[in-house]
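Worksheet: the structure to be examined is printed underneath.
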Amino acid sequence: MNRSAAATAKVQARLDALTTLRTSGALAAVTTASEELFARGRTPAAVRLRRTYLRHDTPRFVDRERNGLPRADQPPAARLIAPRGIAGRLHLVLLFAAHCQAAPGHQWANRIPIEPDSTQPYSWMSLIGAHARHTPGGRRIASPRVNKARQITEAIKKLHEHQLLELPNAGTSRPFRDFQLLCDSGASTTAAPIPYKVPRPALPGVNVPIEFFTRGWVNLLTPSEIVTYLMWLDINQNPVHAEPYVTGAERAGHFGLGRDAYETHRQLEAFGLIDVEAAIGRYDDGKYADYGTDAGRPICHRATLTPDGITRDAATVIEPVLRAFAAHGAWARPLNLRTAGGS
């Protein structure tokens, strides 16, 4: 299978998963639960991530910027990118829940169970949109419900490995009960865990719009798309340059991201989340027509956040974009999203 056919096959599988989530009602149920968690809580203006969750203050040495940093050297957000699993998505939803239930500067005590029970109005299964298939064959037949619970517990294990949460009930019959968040800076160690506190506004950070969680984006973007979107949020909210761009060395050394993750700006633009001003003299594959700069202007794409792209229902936007790619092999923004200002 050539690269183009492989990309189309991946998009078709993603489209099939989205269709299943929509037609089963699972996606609508997750959206409703997220909206209720927000409305019944502190209704935060945004979810604030510590900036070191996304980027190193001091850039790390990169052997090849195309590949980004080795996983062990990446900031926490990039480290959670994986082709399988929901660790990164779950972690962001945990941070969303913390903001809904705890005030800035305070710790959050997680009492939300993994599976629904009579003691709590929410469960992590109700707040996470994961495509969990029925798996026939083998010694046991696992239902979608069982598979989804397994995905969540595997994600909890992964977050524990990365020192992003702790398991106070480890070693008991219910090891994942009441797991607790650790600081999203990634500075915790096994010997010295740092409890998570909701960041105060003055702390260096990045504000993620609430609609990222309540409109379904956190559940439908891929791990690479999510972290790249967060990178563009940081670049626009905490500008380093006079214009919103990131060089290859900065993208790799600060954010830890390789070029494949960076190139998901095409999907983010097609979904109407960012507007991209393509760099003159740079091809779609990242190569330069004439290496160097034009009048001192770095040859980098500029990307700004669209004013209302994130406020739209994610599934309604993403599905037609995926269908168009599956049919034509190109990322393109639908005509109804191409009006001025991205509206």
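Results for (1) farther than 26 Å from Tyr122 by Cβ; (2) in contact (Cβ under 8 Å) with a residue 40 or more places away in the chain; (3) of a type in the set (Phe, Trp, Tyr); (4) assigned to a strand (DSSP E or B), shown as yes or no for each residue.
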position: Thr20; (1), (2), (3), (4): no, yes, no, no
position: Leu27; (1), (2), (3), (4): no, yes, no, no
position: His56; (1), (2), (3), (4): yes, yes, no, no
position: Phe61; (1), (2), (3), (4): yes, yes, yes, no
position: Gly68; (1), (2), (3), (4): yes, yes, no, no
position: Gly88; (1), (2), (3), (4): no, yes, no, no
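Tell me, which residue of region 191-213 that is more than 19 Å from Leu305 (Cβ to Cβ) and of a type in the set (Val, Ile, Thr) is farthest from the chain's Cα centre (by Cα)? Looking at the filtered set, the residue picked out is Ile194. Tell me, which residue of region 70-86 that is assigned to a helix (DSSP H, G or I) and basic (Lys, Arg) is farthest from Glu161 (Cα to Cα)? Only one residue tops the list, namely Arg71. Within region 227-263, being of a type in the set (Phe, Trp, Tyr) and in contact with a strand residue (DSSP E or B) (Cβ under 8 Å, 6 or more places away or on another chain) holds for Tyr229, Trp232, Tyr245. Here the helices (runs of 4 or more DSSP H) wholly within region 176-263 that include at least 2 residues being open to solvent by less than 30 Å² (accessible area, probe 1.4 Å) and of a type in the set (Val, Ile, Thr) are 223-237. Of the residues making up region 3-18, those that are touching a residue at least 40 places away in the same chain (Cβ under 8 Å) and small (Gly, Ala, Ser) are Ser4, Ala7, Ala17.
Can you name every residue in region 105-135 that is loosely packed, with under 13 Cβ neighbours inside 10 Å and free of Cβ contacts under 8 Å to residues at least 24 places away in the same chain? The answer is Asp117, Ser118, Thr119, Gln120, Arg133, His134. Here is the figure for region 125-143: residues that are at pLDDT below 85 and either polar (S, T, N, Q) or more than 20 Å from the chain's Cα centre (by Cα) (or both) total 11.
One line per residue, one yes/no per condition, for (1) open to solvent by less than 50 Å² (accessible area, probe 1.4 Å); (2) within 19 Å of the chain's Cα centre (by Cα); (3) not charged (D, E, K, R):
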{"site": "Ser4", "(1), (2), (3)": "no, no, yes"}
{"site": "Asp16", "(1), (2), (3)": "no, no, no"}
{"site": "Glu35", "(1), (2), (3)": "no, yes, no"}
{"site": "Arg40", "(1), (2), (3)": "no, no, no"}
{"site": "Val47", "(1), (2), (3)": "yes, yes, yes"}
{"site": "Leu54", "(1), (2), (3)": "yes, yes, yes"}
{"site": "Asp57", "(1), (2), (3)": "no, no, no"}
{"site": "Glu65", "(1), (2), (3)": "no, no, no"}
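Here is a check on your reading of the model: is Ala102 in contact with a strand residue (DSSP E or B) (Cβ under 7 Å, 6 or more places away or on another chain), farther than 25 Å from Asn147 by Cα and either at pLDDT below 95 or open to solvent by less than 60 Å² (accessible area, probe 1.4 Å) (or both)? It is false that Ala102 is in contact with a strand residue (DSSP E or B) (Cβ under 7 Å, 6 or more places away or on another chain), farther than 25 Å from Asn147 by Cα and either at pLDDT below 95 or open to solvent by less than 60 Å² (accessible area, probe 1.4 Å) (or both).
The values are calculated or read from the model by the stated rules, or taken from the named source; none is laboratory data. Computed from a predicted model, the values in this text were never measured in an experiment. Neighbour counts are summed over all protein chains in view; Cβ atoms, including those assigned to glycine, are modelled from backbone coordinates with ideal geometry. Only protein heavy atoms, including side chains, enter the accessible area calculation; ligands, DNA and RNA are left aside. Shrake-Rupley method; radii C 1.70, N 1.55, O 1.52, S 1.80 Å.
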